[in-house]
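Each reported figure results from applying straightforward, stated rules to the coordinates on display, with no laboratory input. Just so it is clear, the structure is predicted and the values come from calculations on it, not from any experiment. Cβ: placed from backbone, ideal geometry, glycine included. Neighbour counts: every protein chain shown.
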Ligand code: FA5
């Protein structure tokens, strides 16, 4: 082997990368490569030398090509090995902890409540959060200008432009009732769904209506501008106040998994007569107002086209957030809506 051949082979063997190898190939066998040039120059050589040089050049070309192929294989194998090393998984390493999501505490409470009432034969019903003045007030026996309206600080909405939008749908009746006052608002309680349901159904029935309510009032530990209520409504021939007390009491006992001390006191709501409030003992000493309730007022039955002479019913509206606060011993309602994960992750 000539010294030149040795140098070339050494260079090829020492190439560290495909790129370096390609460069070397180009250097010798590329268009302007050293060996290529020898072939090009052949025609300028004297005839007698041509055959000998051509032969040598061919041998050199063959040698370079062989070595190039060999080195390519080696580099390919090395690259594969390296990528295997990189992708190797160490199954002895401890895994990454997966933190699963979970339900919001209010959703959990809501599901529990629905479960308990379902077992007592109540159907779960929904209604729109955007409501109109007729269902939220008028048909609930709360006339315009009546001071009782001040009990509910209301978020009023602008007129809907599109009748197919949620606002537009809210301004239409759920059942057969005629809308006399379509002015829109965010419902201040779930009681309007009583009317929407009764317009479309005949008694006897018992329903609960869980849903979000909104009030434009100053917030404190027990009041937020949004909160959940669960409305209850049971109508039949001889539904009475004793039934209401029994159902509410039974529900609270099951919900808190112990006998709960409650107190009924008179309360005023225009859509019930008599009206009452249910208070629950926070710590055996302080009482918290949790539920508004009473016997459905005859004017409400009349508004939905029922004959109040043949029917009786009780209704209640319980504050779901306050129930959750008692169950989980939370001292500020606003924590539920703050979105602070440190709070939410505890449930
Ligand atoms: C009403 O809203 C009546 N619709 C309840 C009712 C239904 C009475 C059927 C008779 C028959 P009240 O405004 O008291 O009533 O609200 C009922 C419950 O909702 C309260 O006892 C309280 O637990 C909860 N609540 C009211 N306002 C808020 C608020 N801003 N933040 C949190 N909870 C509230």
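Before moving on, here are some points about what is shown:
- Between segment 202-219 and segment 1-41, the alpha-carbon center distance in angstrom: 87
- Exposure proxy shown here: for 36, 154, 2, 92, the number of other Cβ atoms within 10 Å sets the order, fewest to most, as 92, 2, 36, 154.
- Inter-label distance for residue 31 and residue 343, nm, one decimal - labels placed 7 Å from Cα along Cα-to-Cβ: 7.3
- For the chain, the relative contact order comes to 14 percent (Cα pairs under 8 Å, sequence separation of at least 6).
- Intensity falloff of segment 31-142 expressed as log10 I(q)/I(0), Debye formula with alpha-carbon point scatterers, at q = 0.22 Å⁻¹: -1.19
- Segment 292-347: relative contact order as a whole-number percent, Cα under 8 Å and 6+ apart: 28
- Calculated over segment 3-87, the projected area of the Cα convex hull averaged across directions stands at 5.9 nm².
- Averaging over all projection directions, the Cα-based convex hull of the chain occupies 34.7 nm² in the image plane.
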